[in-house]
Every structure is written in structure tokens, then in C-alpha cells.
Amino acid sequence: MTQHQPRNKPSRREFLALTAGAIAVTACENLVIGQASPIDGTNDGLTGLTLREASNLIRKKGALSVDLTQACLARIDKYQGMLNAFITVTPEKALTQAREMDSETRSGKWRGPLHGIPIALKDNIDTAGVRTTAASALFADRIPTEDAEVVRKLRAAGAVILGKLNMDEFAAGGTSTTTYFGPVHNPWALDRNAGGSSGGSGAAAASELCFGALGTDTGGSIRTPSSYCSIVGFKPTYGRVSNRGVIPLTLTLDHVGPMCRTVEDTAIMLQVIAGYDPEDTASTDVPVPDFVAGMKVPVSSLRLGIPRAQFYDMLHADVATAINEALEVLRKLTAGVREIAIPAVMNIPILGGAETYAYHAQWFTRTPNLYQAPLRRRLEQAAKMSAADYVLARREIDRLRREIKGVFNEVDLLITPTVKIQPRTIEEAIKRAESEKPLPPELGNTGPFNIFGLPTISVPCGFTKLGLPVGLQISGPHFQETRVLALAHTYEQATGWHKRRPSLKPGTDSK
């Protein structure tokens with residue numbers, strides 16, 4: 001087999017038609033130890049296993065990495081036409097990697113919990129020999145010669161890479177609808193957006209097309225799709241994970257992080273990709289703890305802060321209900337919940353625009369037509385920004401990252417809704433992106449934590465009356481990922497929202 005590249009940019013009518021039906025692809029999923037189930041909530045097939053469960057199965061020789069990889073590839077064949085989660089699928093490379101991992105397993109070599117586990121990568125993360133497009137016509141045929149540092153670490157840990165995931169063009173969006181390769185569809189309702197910019201990562205993980213994915217997060221691009229797709233997404237502390245080899249959006253705010261179906265799986269992936277990279281100027285040399293062990297620490301003594309004034313206004317009624325119920329659970333699990341004020345975050349488009357333009361200037365000045373309209377407008381505006389304005393914005397970021405530390409003298413963690421609104425339809429998101437309006441409202445509650453640089457996770461906490469997911473956001477002090485993971489894991493186990501799966505079958509709409 002060769003690299004499979006989904007066809008480029010169908011018409012908008014074709015994209016929206018996907019919401020009324022789906023491409024049914026016959027795919028045999030009968031495997032050595034069972035049959036991978038459709039996404040029907042039964043969770044009884046190989047792809048329904050958590051990453052940890054799949055890892056244990058491989059280690060005990062109850063299944064092969066090839067089994068897991070074939071199951072994921074079969075599901076991609078079956079559901080890609082509905083979801084448009086992938087830009088590039090690499091079946092031959094993935095199966096080759098899986099066979100190598102199986103050979104090592106037979107010889108007694110074990111690389112750790114990612115050994116032989118099929119995962120997928122957002123398509124702004126460089127992969128040697130496999131195109132990395134950032135969902136843009138500009139890079140439609142770009143093939144890097146080196147892996148990003150996080151990819152190198154994943155390969156060293158034995159992960160099997162299935163392919164590259166769809167996203168907003170150059171990660172500049174919150175809905176994954178402004179992409180050269182067509183919108184990503186939400187597996188919980190195909191006419192809805194999957195969040196962005198890591199929408200392909202969210203849809204693929206939720207739909208059991210992979211056991212975990214990497215996303216990037218500049219203003220909420222991991223946490224928003226995690227909320228909208230009902231999975232776990234973690235933006236670690238700024239500098240905890242290397243950005244080297246990742247196509248930048250805003251260097252001062254960019255983060256790389258894991259997106260999985262459980263908190264434990266997220267911790268496992270974070271363990272592999274975290275660590276100091278001397279070749280990345282943003283990387284910080286801070287010891288990496290055992291995230292999985294830290295996740296199991298009791299949370300009964302934790303004090304929780306609610307920054308209500310900035311993050312709880314204008315909530316959709318169903319989102320407010322889910323969040324209030326989550327807060328009641330958290331009150332019983334911890335030392336209590338209290339309202340608290342945190343530093344006000346000004347909108348800092350100047351910094352983001354200037355850093356984005358600095359990367360794109362060499363291409364934008366020659367071929368602006370290759371950019372989607374929303375990013376093209378943004379770059380046109382950024383070209384007019386002054387150096388003085390940029391310096392002042394950069395100083396404000398530094399000030400806020402220092403000032404936020406004082407908040408954690410009073411509380412241990414901050415709790416907010418991940419997103420204030422339920423997922424809009426793809427058609428609504430496209431119309432808004434094509435207008436002159438600023439960045440999408442999906443990122444309002446997530447963006448401040450990129451500015452602060454705090455470790456922040458989104459975990460499932462309920463559904464709206466339309467059956468659309470709601471996410472709970474937990475943030476902690478710099479480099480205290482284990483504290484965030486501990487509360488997220490305890491809440492997850494106390495509620496069980498993570499066990500629900502979208503009902504998605506070939507030839508029908510998602511319910």
C-alpha cells in the first residue's frame with residue numbers, strides 16, 4: 001500500500017451534503033482476538049479499548065500491534081467519509097511500524113505503554129517523508145525531511161503513526177472549518193463543527209480511529225475540540241513540551257499536547273512527549289514527574305477557585321447546567337470551591353498577528369491567494385502592525401505570567417467551563433469565518449490560559465439537550481500538571497461521562 005491522500009477540496013455543497021448521509025465503505029474488522037465494533041457505546045471491540053487497556057493487551061501478548069493497527073485503519077476507511085478527520089493516511093508505513101513492534105515484543109523488548117499503539121498527529125506537526133500541510137493549499141505538497149521532536153519521542157516509545165489529522169488552516173481558528181481539505185464533522189452530530197483548530201484530532205480520538213492523538217493549542221485548539229467531541233485534551237505548561245518541528249502560529253502562545261479518551265491515556269502520552277529540548281528556545285529545563293503516578297494522588301485537600309466574573313457569563317443554558325452539576329461533584333471530592341478573581345487578560349491580537357505574519361511574510365507577499373479568506377484577512381491586518389505595539393504586547397504577556405502565580409497562594413486549581421456555547425453548525429461556522437468578524441467565540445474561555453502559560457485540561461462533564469458534549473476546564477500552577485491530572489482523573493472516575501460514545505454508523509447521521 002502507499003500513502004492514501006484524501007481528495008483535495010470538494011465544493012462547499014459537497015461538504016455540507018456529508019451531514020445528510022455518509023460514504024459507506026465495506027471494511028472487514030474481523031481480527032485475531034475479536035471484532036472491532038461500530039461506535040455504538042458497547043465498547044467491546046479492539047478500537048473501543050482505552051490506550052492503557054490496549055497496551056496491557058499487547059504486553060500480555062493477547063493481541064498484536066498489527067491487530068490494533070488494522071482495526072484502526074478499517075475504521076478510518078469506514079468513517080473518514082463522514083468525519084473528514086484525516087488529511088493523509090499512511091497504512092503501509094503504519095503496518096510496517098506495527099510489525100516491527102510485534103517483532104520486538106516477541107523478542108522480549110518493551111519500550112513502554114505506547115509500544116505498538118496506533119496514534120495520529122495533527123497536520124502541523126512535521127513527519128519525515130510524510131506530507132505536513134497545516135491544512136493549507138500553500139503547503140499541500142510539503143514533505144518534511146525531519147520529524148518534529150515530539151514525533152521523534154513517540155517513535156522512540158514505540159508508537160505507530162497512522163497519519164495526519166485535519167485542522168483549521170495553520171491552526172488559526174476554533175472550528176476546523178477553515179481548511180483547504182474541507183471541514184471536520186463532529187461525530188456527535190455531523191452537521192456540527194468539531195471544534196478547532198485540532199478538530200481532526202478530537203473527531204478521530206472520539207470515533208475510535210486511533211487510541212490517542214496530538215494536537216496543538218495557541219488559544220484553545222486542544223481543549224475546544226476535546227470539549228466538543230467529549231474526550232480529554234491537555235495543554236501542558238508553556239515550555240513543558242517541545243515545539244520544535246511544529247509549524248508555528250504564535251510562538252509565544254503555542255503548546256503541543258495529547259488528546260485521548262481518558263485522563264490516564266492522556267497522562268501516558270504526556271509522559272512520552274514532555275521534557276527539555278535545548279534546541280527549542282521556548283523549552284524549559286524542569287524535571288518531568290511521573291504523571292501517571294501523580295494522577296492517583298488524593299484530591300480531598302485541594303482548594304478550588306471559580307473565576308466567575310470572567311468565565312461564567314453568557315453561558316448557554318445547557319452548558320451552565322452541566323457545569324453547575326460538575327461543581328457540585330467537585331465540592332464533595334475536594335476541600336471546597338470558592339469564587340476568586342484572577343488577573344484580567346486583555347485581548348492581545350497584536351502579538352498573535354505579528355508573530356504569525358513574521359512566519360508567513362515570505363509566502364504571503366508572493367502568493368496571498370493560496371490562503372483561506374479568514375487567515376488572509378488576518379495577515380493583511382498584521383502586516384500593518386508596528387514593532388512598538390508588538391513589544392508592549394509581549395511585555396504584557398510576561399507580566400501576566402508572573403502575576404497569575406499569586407492566585408495559587410489562595411487556591412490550588414481553577415475551574416471553568418471549557419467553552420461557553422454548544423457546537424455551532426458547520427454552515428454557521430463557515431459563514432461567520434467568511435465575514436469580517438474576529439476570531440470565533442469558541443476560544444473565549446480557553447485563550448487566557450495560553451497567555452498565562454498554565455497547564456490546563458478539558459474533561460467531559462455532560463451533554464446539552466441536543467446531545468452535544470460539554471467540557472470542564474481545570475487549570476493549575478506552572479509545571480503542576482500532576483495536580484491538574486489528579487483532579488481530572490478523580491472527577492472522571494466519579495462521573496463516567498468519558499464512557500459514552502457517539503452513535504455513528506455508515507450511511508446514517510450521528511445522533
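Using the structure shown, decide if SER221 is among the small types (Gly, Ala, Ser), surrounded by 24 or more Cβ atoms within 10 Å (Cβ to Cβ) and part of a helix (DSSP H, G or I). The answer is no for SER221.
All but one of (1) under 14 Å from CYS229 (Cα atoms); (2) hydroxyl-bearing (Ser, Thr, Tyr); (3) modelled with pLDDT of 95 or more hold for THR490, so report the exception by its number. Here THR490 meets the rest and fails (1). When TYR238, TYR228 are checked against the criterion of being among the aromatic types (Phe, Trp, Tyr) and either in a helix (DSSP H, G or I) or more than 23 Å from ALA393 (Cα to Cα) (or both), a single residue qualifies: TYR228.
Do you know which residues across region 140-161 are among the hydrophobic types (A, V, I, L, M, F, W, C) and more than 26 Å from LYS109 (Cα to Cα)? Across region 140-161, the qualifying residues are ALA140, ILE143. Inside region 294-309, residues that are within 19 Å of ASP412 (Cβ to Cβ), over 23 Å from the mean Cα position of the chain (by Cα) and not in a loop (DSSP other than H, G, I, E, B) make up a count of 5.
Kindly check whether there is at least one residue in region 116-133 that is crowded, with 20+ Cβ neighbours inside 10 Å, assigned to a loop (DSSP other than H, G, I, E, B) and acidic (Asp, Glu). Yes, there is a match, as at least one residue in region 116-133 is crowded, with 20+ Cβ neighbours inside 10 Å, assigned to a loop (DSSP other than H, G, I, E, B) and acidic (Asp, Glu).
Residues satisfying the criterion are present in region 170-179 (criterion: farther than 18 Å from CYS229 by Cα, of a type in the set (A, V, I, L, M, F, W, C) and in a loop (DSSP other than H, G, I, E, B)).
Residue-by-condition table, conditions (1) touching a Lys or Arg at 6+ places or on another chain (Cβ under 9 Å); (2) of a type in the set (Gly, Ala, Ser); (3) not in a strand (DSSP E or B):
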residue: ASP77; (1), (2), (3): no, no, yes
residue: THR96; (1), (2), (3): no, no, yes
residue: GLU104; (1), (2), (3): yes, no, yes
residue: ARG111; (1), (2), (3): no, no, yes
residue: VAL150; (1), (2), (3): yes, no, yes
residue: GLY158; (1), (2), (3): yes, yes, yes
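Can you confirm whether region 242-249 contains a residue that is in contact with a helix residue (DSSP H, G or I) (Cβ under 9 Å, 6 or more places away or on another chain), basic (Lys, Arg), buried (at least 21 other Cβ atoms within 10 Å of the Cβ) and not in a helix (DSSP H, G or I)? No, region 242-249 contains no residue that is in contact with a helix residue (DSSP H, G or I) (Cβ under 9 Å, 6 or more places away or on another chain), basic (Lys, Arg), buried (at least 21 other Cβ atoms within 10 Å of the Cβ) and not in a helix (DSSP H, G or I). Out of SER176, SER207, one residue alone is crowded, with 24+ Cβ neighbours inside 10 Å, under 20 Å from ASP254 (Cα atoms) and modelled with pLDDT of 95 or more. It is SER176. Scanning region 497-510 for residues that are modelled with pLDDT under 95 and either closer than 17 Å to ILE323 by Cα or small (Gly, Ala, Ser) (or both) yields SER503, GLY507, SER510.
On the basis of being hydrophobic (A, V, I, L, M, F, W, C) and part of a loop (DSSP other than H, G, I, E, B), does VAL288 make the cut? Yes, satisfied.
For every residue, the table says whether it meets (1) in contact (Cβ under 8 Å) with a residue 24 or more places away in the chain; (2) in a helix (DSSP H, G or I); (3) not charged (D, E, K, R).
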site	(1), (2), (3)
LEU327	yes, yes, yes
LEU330	yes, yes, yes
VAL337	yes, no, yes
MET346	yes, no, yes
LEU351	yes, yes, yes
ALA354	yes, yes, yes
ASN369	no, yes, yes
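When you check ALA159 against the structure, is it in contact with a Cys (Cβ under 7 Å, 6 or more places away or on another chain), closer than 25 Å to THR90 by Cβ and of a type outside the set (Phe, Trp, Tyr), yes or no? No: the conditions fail for ALA159.
Of all the numbered requirements in (1) over 29 Å from SER55 (Cβ atoms); (2) in contact (Cβ under 8 Å) with a residue 24 or more places away in the chain, ALA120 misses one, and that requirement is (1). For the residues VAL292, VAL272, VAL345, the requirement of being at pLDDT below 95, of a type in the set (A, V, I, L, M) and within 26 Å of PRO460 (Cβ to Cβ) singles out VAL345. Candidates in region 44-87 are the residues that are surrounded by fewer than 24 Cβ atoms within 10 Å (Cβ to Cβ), among the basic types (Lys, Arg) and touching a residue at least 24 places away in the same chain (Cβ under 8 Å); of these, the one that is nearest to GLY496 (Cα to Cα) is ARG52.
For region 89-115, which positions are surrounded by fewer than 22 Cβ atoms within 10 Å (Cβ to Cβ), polar (S, T, N, Q) and touching a residue at least 40 places away in the same chain (Cβ under 8 Å)? Within region 89-115, just THR105 meets the criteria. Scanning region 290-309 for residues that are crowded, with 16+ Cβ neighbours inside 10 Å, without any contact (Cβ under 8 Å) to a residue 60 or more places away in the chain, within 28 Å of THR490 (Cβ to Cβ) and not charged (D, E, K, R) turns up at least one hit.
Determine, yes or no, whether LEU466 is over 23 Å from THR237 (Cβ atoms), part of a loop (DSSP other than H, G, I, E, B), more than 22 Å from the chain's Cα centre (by Cα) and among the hydrophobic types (A, V, I, L, M, F, W, C).
Yes: the conditions hold for LEU466.
The values are calculated or read from the model by the stated rules, or taken from the named source; none is laboratory data. Given the structure is predicted, the values throughout are model-derived calculations rather than measurements. No Cβ is skipped: glycine too gets one built from the backbone with ideal geometry, and neighbour counts run over all protein chains shown.
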